[in-house]
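In what follows, a single structure is set out as C-alpha cells and then discussed.
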Amino acid sequence: MEVSRLFDLESHGADTFVGIGPQYPWGGLYGGQIVAQALRAAASTVDSDLEVHSLRSYFIRRGDHTEPIRFEVDRIRNGRSFSTRRVVARQAIGAILNLEASFQRPEPSIDLQTVTMATDIPHPDSLTSDSWTQSTERRFVPSASIPGIEPGAGRTLAWMKVNAALGDDQLLHRCWLAYLSDDLPTDAVQAATEIEGQDRFAASLDHTIWFHRPVRADEWHLHDFTCHNYVGGRGLAVGHVFAADGLHVATVAQEVLLRGHRAGQTGPHVS
C-alpha cells in the first residue's frame, strides 16, 4: 500500500469510516496503524481548526489484515476550546481497538520545554537501517552511544521517519507519528527485562500520546524510550520524541505485555 494512502478512509454512513491495512512480517495488523487510522477517523468529525493534542487507546484483539476495519466515532463533546471523540475499531471478530482523542483550538501561551534530547547521539546517516516496512525508516542508536543517565531501564533510542514527502497537512504528520510511536516500547521493556528468544510473547495493551508541538514525520526524529516498571508480565515504557534540532514534539506511554510463550496463547496487538 502506498504511504500516501494508508490513512485514506471511506465514509460508510454517519460518523463511520472503513480502512484497510497491509500484511506485516509477523502476520495480522500493526497496532500503530490502527491507532493512526482511528485518529484520522476521529479528526474527520471535528472542525478543521482543531488540532489533536492527546489520545489514549486500548488494544483489544489482534487485527486481521485480510478484512477491512470499521471505525465508529462517538462525538463525546464539542466545546468552545476542546472537543472529545471516542472511536471503536471493529472487524468480524468484534472490537479490536478503543481510542479516545482530545482536540484543541490553538491558543497563545508561553512555550516551555523542560525535557532535552540526549547529546552526542550519532546522526542517522551514520547508522544502519533496520526497518520492517518500506513505508518508514528506522535506525537504532548503538548501546555504546546511549548516555548512562536515564529515567528508567532498558533505554532504547532510534531515529525514525516516513519514506515519503507528506506535504503540510499537520494531521497527516501526527497520524504518522502515532504509527511510528508504537514501534519502540516493546524493545525498551525487553531490554530492561532481558526476556528474549522465540518463546517470548509480546503484545501492546494500551497506548497514549501527548502531541506538544507541530511535527514533520517525513523528517528524522529521535525516539527515546525507557522501561519505568515491570510487574505481572506488564512493562510500562515511556518515551520522548525529538526533532533533529532537539525540539520536544511528543511524549508517549505504553504498557506492554511481555512473557514467556504459552501454548495456544492469543492476545491483543502482537508486536
Fill in the blank from the handout: By residue number, the members of segment 101-123 that are surrounded by 12 or more Cβ atoms within 10 Å (Cβ to Cβ) and either over 23 Å from the mean Cα position of the chain (by Cα) or over 22 Å from A244 (Cβ atoms) (or both) are A101, S102, F103, Q104, R105, P122
Problem - Qualifying positions in segment 18-65 - within 18 Å of I93 (Cα to Cα), open to solvent by 20 Å² or more (accessible area, probe 1.4 Å) and of a type in the set (F, W, Y) - result: Y58
Fill in the blank from the handout: The residue from E219, E196 that alone is touching a Lys or Arg at 6+ places or on another chain (Cβ under 7 Å) and surrounded by fewer than 24 Cβ atoms within 10 Å (Cβ to Cβ) is E219
Exercise for the section: List every residue pair whose Cβ atoms sit under 6 Å apart, with the two residues 6 or more apart in sequence or on different chains, where the first one lies in segment 61-75 and is closer than 12 Å to R40 by Cα and the second, anywhere, is open to solvent by less than 70 Å² (accessible area, probe 1.4 Å) and assigned to a loop (DSSP other than H, G, I, E, B). Expected result: V73/D15; V73/T45
Practice task
Could you please tell me which pairs satisfy a Cβ distance under 7 Å, a separation of 6+ or placement on different chains, a first residue in segment 150-170 that is in contact (Cβ under 8 Å) with a residue 40 or more places away in the chain, and a second residue that is part of a strand (DSSP E or B) and open to solvent by 40 Å² or more (accessible area, probe 1.4 Å)?
Solution key: G152/H228; A158/R139; A158/F140; W159/R139; Q170/E51
Practice task
Restrict the check to segment 55-73 and report whether at least one residue is at positive phi, of a type outside the set (K, R) and in contact with a Lys or Arg (Cβ under 9 Å, 6 or more places away or on another chain).
Solution key: no
Exercise for the section: Test D224 against the criterion of being at pLDDT 95 or above, surrounded by 19 or more Cβ atoms within 10 Å (Cβ to Cβ) and among the charged types (D, E, K, R), and give yes or no. Expected result: yes
Exercise for the section: Can you tell me which residue among S126, S83 is exposed (fewer than 10 other Cβ atoms within 10 Å of the Cβ), free of Cβ contacts under 8 Å to residues at least 40 places away in the same chain and of a type in the set (S, T, N, Q)? Expected result: S126
Problem - Residues of segment 1-52 classified as hydrophobic (A, V, I, L, M, F, W, C), at pLDDT 90 or above, outside any loop (DSSP other than H, G, I, E, B) and under 24 Å from V215 (Cα atoms), total - result: 9
Exercise for the section: Determine whether segment 97-114 contains at least one residue that is hydrophobic (A, V, I, L, M, F, W, C), assigned to a loop (DSSP other than H, G, I, E, B) and touching an Asp or Glu at 6+ places or on another chain (Cβ under 8 Å). Expected result: no
Completion exercise
Within segment 143-170, of all residues that are open to solvent by less than 60 Å² (accessible area, probe 1.4 Å) and in a loop (DSSP other than H, G, I, E, B), the one farthest from G32 (Cα to Cα) is P147
Exercise for the section: Please tell me if G94 is exposed (fewer than 12 other Cβ atoms within 10 Å of the Cβ), in contact (Cβ under 8 Å) with a residue 24 or more places away in the chain and out of contact with any helix residue (DSSP H, G or I) (no Cβ under 7 Å at 6 or more places or on another chain). Expected result: yes
Exercise for the section: Filter segment 76-101 for residues that are touching a strand residue (DSSP E or B) at 6+ places or on another chain (Cβ under 8 Å) and basic (K, R) and give the result. Expected result: R77, R85, R86, R90
Practice task
Name, by its number, the condition in (1) closer than 26 Å to D125 by Cα; (2) open to solvent by 60 Å² or more (accessible area, probe 1.4 Å) that does not hold for T186.
Solution key: (2)
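The values are calculated or read from the model by the stated rules, or taken from the named source; none is laboratory data. None of the values given here were measured: they were computed from a predicted structure. Note that we place each Cβ from the backbone using ideal geometry, even for glycine, and neighbour counts take in every protein chain shown. Each accessible area value is taken on the protein alone, full model and side chains, heavy atoms only, with ligands, DNA and RNA left out. Shrake-Rupley method; radii C 1.70, N 1.55, O 1.52, S 1.80 Å.
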